[in-house]
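Here is the structure we will look at.
The values are calculated or read from the model by the stated rules, or taken from the named source; none is laboratory data. Here the structure is a predicted model, which is why all the values come from computation and not from measurement. Methodologically, a virtual Cβ is constructed for each residue, glycine included, from the backbone with ideal geometry; neighbour enumeration extends over all protein chains shown. Ligands, DNA and RNA are stripped out before the accessible areas are found, and what is left, the full protein with its side chains, is counted by its heavy atoms. Shrake-Rupley method; radii C 1.70, N 1.55, O 1.52, S 1.80 Å.
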Amino acid sequence: YRLLAKFQQRERHSNVPPGHIEDGIKLGRWLSKQREQKKIGKLDSSREKKLQDAGVVLDPYADQWENQYNLLVQFQQREGHSNVPKSHVEKNVRLGEWLGKQRTQKRRGKIDKSIEKRLENVGVVWEFYTVEPMGESV
């Protein structure tokens, strides 16, 4: 923890790169192991609390998802809808591509129900259908 604190104080974050070595110790590898232990449910709760108190994000993918979800909420509040164009970038994040990936996960049946519900709550439409204009009757 001392080396993590040293890194955090110097870098102003606790996102230690996997290959980072601090004072001859493989700090990045150590942190990766802590994340692995958390993922499989074997990280001691007191250690987990210490890491969180030090600003460590134990599930970087969940953290990234939350950040992108928050950008979607901002988009929806500003634009009045959640139909993000595929090429749209919001604060240097490819939000349209991210939303497309969420739709793909849904279509494949690989999206968690709680995530699905959260996306629906901000107005995400899962499938778009193109409607051909009807011809005029003669």
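Data for the structure
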{"quantity": "Of residues in the range 106-121 being open to solvent by 70 Å² or more (accessible area, probe 1.4 Å) and among the acidic types (Asp, Glu), the one modelled with the lowest pLDDT", "calculated": "Asp112"}
{"quantity": "Only one of His88, His81 that is part of a loop (DSSP other than H, G, I, E, B) and either in contact with a helix residue (DSSP H, G or I) (Cβ under 7 Å, 6 or more places away or on another chain) or farther than 29 Å from Val124 by Cβ (or both)", "calculated": "His88"}
{"quantity": "Residues being part of a loop (DSSP other than H, G, I, E, B), under 18 Å from the mean Cα position of the chain (by Cα) and of a type outside the set (A, V, I, L, M, F, W, C) - total across the range 91-131", "calculated": "5"}
{"quantity": "Single unsatisfied condition, Leu3 versus (1) within 30 Å of Glu116 (Cβ to Cβ); (2) open to solvent by less than 40 Å² (accessible area, probe 1.4 Å); (3) part of a helix (DSSP H, G or I)", "calculated": "(1)"}
{"quantity": "Filtered residue count, the range 30-78, keeping only those that are among the small types (Gly, Ala, Ser), open to solvent by less than 80 Å² (accessible area, probe 1.4 Å) and part of a helix (DSSP H, G or I)", "calculated": "3"}
{"quantity": "Residue ID - surrounded by the most Cβ atoms within 10 Å (Cβ to Cβ), chosen from residues in the range 6-25 that are more than 26 Å from the chain's Cα centre (by Cα) and among the charged types (D, E, K, R)", "calculated": "Glu22"}
{"quantity": "One residue from Asn83, Asn67 being modelled with pLDDT under 95 and more than 30 Å from Lys6 (Cβ to Cβ)", "calculated": "Asn83"}
{"quantity": "Pairs with Cβ under 6 Å, 6+ apart, first in the range 1-26 and over 14 Å from Asp53 (Cα atoms), second small (Gly, Ala, Ser) and at pLDDT below 95", "calculated": "Val16/Gly28; Pro17/Gly28; Pro18/Gly28; Pro18/Ser32; Gly19/Gly28; His20/Gly28"}
{"quantity": "Among (1) of a type in the set (A, V, I, L, M); (2) touching a helix residue (DSSP H, G or I) at 6+ places or on another chain (Cβ under 9 Å); (3) part of a helix (DSSP H, G or I), the one test that Val16 misses", "calculated": "(3)"}
{"quantity": "Some residue of the range 94-105 being buried (at least 16 other Cβ atoms within 10 Å of the Cβ), within 27 Å of Gly41 (Cα to Cα) and at pLDDT 95 or above", "calculated": "yes"}
